[in-house]
Amino acid sequence: MSNDNIYKPYLMRIADITEEAPGVRTFKLEFANPEEGAAFKFSTGQFGLYSAFGEGESTFCIASSPTRKGYIECTFRETGRVTSSLADKDVGDIVGFRGPYGNVFPLEKWKGKSLIFIAGGIALPPLRSVIWNCLDLRDWFKVITVVYGARSVPDLVYKHELDEWGKRTDMKLVTTVDPGGERPGWTGKVGFVPHIVEQLAPPALNTVAIVCGPPIMIKLTLPVLAKLGFGKNEIYTTLENRMKCGLGKCGRCNTGRSYVCKDGPVYTLAELEKLPAEY
Amino acid sequence: MTDRYTLSESGVASLLDALAKAGRRVLGPKKIAERIEIAEIKTAAELAKEGQSTVSAKGTVFPKVERLLKYRFEGGKNVALEDVEPNARPTVLFGVRPCEARAFHALDVVFNWDYKDKFFNQRLANTTVVAITCTKADESCFCTSVGSRPDDPAGSDILLSPLKSGGYVAEVLTDKGKALVALAKAAFQPLTGAAEVVPAATVAPAFDAKLLERKLAGKFDSPVWLEQSLRCLGCGACAFVCPTCVCFDIQDEADTRQGQRLRAWDSCGMRLFTLHASGHNPRDKQSQRWRQRIYHKFAYYPDRFQTLGCVGCGKCSRACPVDMNLKQHLVEAAQ
């Protein structure tokens, strides 16, 4: 009988904190025990349970790319008890991490194709991991496009990286903010993500679309992609159901026969349509 | 071929003595005030031989609240983790109903289908189950509709069948059962001659679980879930008394020096269960949560684990403060 405690987290030291947007922070986390860090592996798309000791655990994706070794990053918005406690932490403080859990974005399968990433608001972090992973394997893919929208300019996360992506010649970045969310000097687009995708009209041929955002954005973007000719097996998303264990036991993320923590969080639209819309 | 013995009433007393001497904790159904509870059994007279306990025996292997982790806040910024063991005491679950014994399998599949949960596994490994055939059932019972019966041996290490002349026939079904007999050899006498057992209770089948599963495939959007659950309070009582409900919560309790991470029973019937931090709730309505309860047990479980998430004990129906009767609701759903 295995005597491992599957609920025991790694201890992680906060190596860096980036303020991304109002109430939104990115932690760079290093393993307090370097041996654990050396043995740790994950793939893009996976997530973990992050703990503020004394308050509890919260589920976020791993927002960094597995091609960047020695650390992981997570980006979270200060919302509840755990994220508020995390937001109070400083560089050098210890937090917990359990993972990696869940399935992965199938990069091998995407080899030789063009990719379009479509993200809204605080849903860029899960896609940031896979975007960096694909950029670090740039010759695997043809055209790489990122469409990212937020309510307003201050709400855009990873602002420094957006600048970097905007300057790169081997990818195309389109940023947009909701009408009224623009600020003086804003050079991106103004409009809702689904409209921007419609205007951009990316060719569907040999292209995979990866969509992540608030439910309303996903709901309105999918018909646009269908009209452009994207097949249901060529559209991917990642779900964010509430979780407690991440191990396929606590029952919280159960949707149809699927445990989002085990069978997901990454689903194609074809897979998603087989589940009840409880996500 | 199972080993069969007789266990007389005085044999039960000597068995309990032997178990106490061997350091075994004995839990079983015991009448406390007006309810039957699963509690420590010290004398044979304390055992409630008939009727269903209010809360199931699930807590023996999956406690209401249990510690998963301890930690200390050390000087400066450091945290020290302390792994914890379940400290599973060798336990004999004595005199429970066969449905309680059968239910452990439905917990086992969840705790072990992928990651292995040592807390559950150590408790289960240290638990010997001695069930008593049901000789009395009530209107809420429906074990025969979910593939079981009042004298179902599944999940028991020893199954006792009451004898008309008093005492029991003891069928020893597993190695754990044999080990228990070995601890109290004098209590178990070889079975000689014809033993006349009290007939098992009659539980008329109410619905066909296979048919129900097929019907559920096309009933997700049926108005039946709203109709059935309009009076549901979302209190979670059904899940808390259930022998197979396995959903749980994980919470921290801490002061400024130390803390612990605890697991506690939870229920899909509660609104907070699926509520996202954003305020979005995938199962926002009580009818959606009631439907999840039915589908999880009677559609998703058989699909994923080839077993039902229900043993037909009827505890949920007896506990429901607004008289929702699972058997009746399932009969309706299977139409």
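Observations, loosely collected:
- Where B:A264 falls short, out of the listed (1) in contact with a strand residue (DSSP E or B) (Cβ under 8 Å, 6 or more places away or on another chain); (2) of a type outside the set (S, T, N, Q); (3) under 18 Å from B:L107 (Cα atoms); (4) within 9 Å of chain A (Cβ to nearest Cβ): (4)
- Matching option when the condition is under 24 Å from the mean Cα position of the chain (by Cα), surrounded by fewer than 20 Cβ atoms within 10 Å (Cβ to Cβ) and either within 30 Å of B:F73 (Cα to Cα) or of a type in the set (D, E, K, R) (or both), among B:K297, B:K210, B:K285: B:K210
- Qualifying residue in the range B:203-215 (condition: of a type in the set (D, E) and over 29 Å from A:R252 (Cα atoms)): no
- Within the range B:60-83, residues that are more than 11 Å from every other protein chain (Cβ to nearest Cβ) sit with their Cβ atoms under 8 Å from residues that are in a strand (DSSP E or B) and surrounded by fewer than 16 Cβ atoms within 10 Å (Cβ to Cβ), at 6+ positions apart or across chains, in these pairs: B:K64/B:A264; B:V65/B:A264.
- Qualifying residue in the range B:89-112 (condition: modelled with pLDDT under 95 and surrounded by 18 or more Cβ atoms within 10 Å (Cβ to Cβ)): no
- Failed item in (1) closer than 30 Å to A:G54 by Cβ; (2) at pLDDT 95 or above; (3) out of contact with any Gly (no Cβ under 8 Å at 6 or more places or on another chain); (4) among the charged types (D, E, K, R), with B:R24 passing the rest: (1)
- Leading residue by the ranking (nearest to B:F240 (Cα to Cα)) among those in the range B:269-281 that are crowded, with 22+ Cβ neighbours inside 10 Å and either in contact with an Asp or Glu (Cβ under 9 Å, 6 or more places away or on another chain) or at the interface with chain A (Cβ under 8 Å from one of its Cβ atoms) (or both): B:F273
- Each residue in the range B:108-118 was checked for being in contact (Cβ under 8 Å) with a residue 24 or more places away in the chain and at the interface with chain A (Cβ under 10 Å from one of its Cβ atoms), and 4 pass.
- Selection count where residues are in contact with a Gly (Cβ under 6 Å, 6 or more places away or on another chain), assigned to a helix (DSSP H, G or I) and surrounded by fewer than 24 Cβ atoms within 10 Å (Cβ to Cβ), scope the range B:122-144: 0
- Scanning the range B:55-107 for residues that are aliphatic (A, V, I, L, M) and more than 14 Å from the chain's Cα centre (by Cα) turns up B:V65, B:L68, B:L69, B:V79, B:A80, B:L81, B:V84, B:A88, B:V92.
- Of all the numbered requirements in (1) touching a residue at least 40 places away in the same chain (Cβ under 8 Å); (2) within 14 Å of another protein chain (Cβ to nearest Cβ), B:P321 misses one, and that requirement is (2).
- For the range B:119-148, the set of residues classified as within 14 Å of another protein chain (Cβ to nearest Cβ) and either free of Cβ contacts under 8 Å to residues at least 12 places away in the same chain or more than 11 Å from B:V61 (Cα to Cα) (or both) consists of B:N121 only.
- Within the option set A:L86, A:L107, being out of contact with any strand residue (DSSP E or B) (no Cβ under 8 Å at 6 or more places or on another chain) and hydrophobic (A, V, I, L, M, F, W, C) holds for one residue only, A:L107.
- Qualifying position, being within 23 Å of A:Q46 (Cβ to Cβ), at the interface with chain B (Cβ under 8 Å from one of its Cβ atoms) and crowded, with 24+ Cβ neighbours inside 10 Å, among A:C261, A:C245, A:C250: A:C245
Residue-wise test of (1) of a type in the set (S, T, N, Q); (2) buried (at least 18 other Cβ atoms within 10 Å of the Cβ); (3) not in a loop (DSSP other than H, G, I, E, B).
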position	(1), (2), (3)
B:G28	no, yes, yes
B:K31	no, no, yes
B:I38	no, yes, yes
B:K42	no, no, no
B:A45	no, no, yes
B:K49	no, no, no
B:Q52	yes, yes, no
B:K58	no, yes, yes
B:F62	no, yes, no
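- The range A:117-132, residues that are in a helix (DSSP H, G or I), over 15 Å from A:G166 (Cα atoms) and not hydrophobic (A, V, I, L, M, F, W, C): A:G121, A:P125, A:P126, A:S129
- Restricting the range A:133-156 to residues that are touching a Ser or Thr at 6+ places or on another chain (Cβ under 7 Å) and surrounded by fewer than 19 Cβ atoms within 10 Å (Cβ to Cβ) leaves a set whose member that is nearest to A:T44 (Cα to Cα) is A:D136.
- For the range A:67-116, the set of residues classified as of a type in the set (A, V, I, L, M) and either in a helix (DSSP H, G or I) or surrounded by fewer than 20 Cβ atoms within 10 Å (Cβ to Cβ) (or both) consists of A:V82, A:L86, A:A87, A:V91, A:V104, A:L107, listed by residue number.
Residue-wise test of (1) more than 22 Å from B:V109 (Cα to Cα); (2) more than 18 Å from the chain's Cα centre (by Cα); (3) within 14 Å of chain B (Cβ to nearest Cβ); (4) buried (at least 19 other Cβ atoms within 10 Å of the Cβ).
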| residue | (1), (2), (3), (4) |
| --- | --- |
| A:I210 | yes, no, no, yes |
| A:P214 | yes, no, yes, no |
| A:I218 | yes, no, yes, yes |
| A:V266 | yes, no, no, yes |
| A:E273 | yes, yes, yes, no |
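- Residue-level check: of (1) more than 30 Å from B:A333 (Cβ to Cβ); (2) in a loop (DSSP other than H, G, I, E, B), B:G155 misses just (1).
- Within the range B:4-31, restricting attention to residues that are over 20 Å from B:A88 (Cβ atoms) and among the β-branched types (V, I, T), the residue that is farthest from the chain's Cα centre (by Cα) is B:T6.
- Residue match in the range A:204-215 (condition: within 30 Å of B:G269 (Cα to Cα), among the small types (G, A, S) and not assigned by TED's automatic domain parsing to the domain that holds A:L124): no
- Per this entry, A:R68 is counted among residues that are at pLDDT below 95 and more than 11 Å from chain B (Cβ to nearest Cβ).
The values are calculated or read from the model by the stated rules, or taken from the named source; none is laboratory data. This structure is a prediction, so every number in the text was calculated from the model and none was measured. Every residue, glycine as well, gets a Cβ built from its backbone with ideal geometry; the counts of neighbours run over all protein chains shown.
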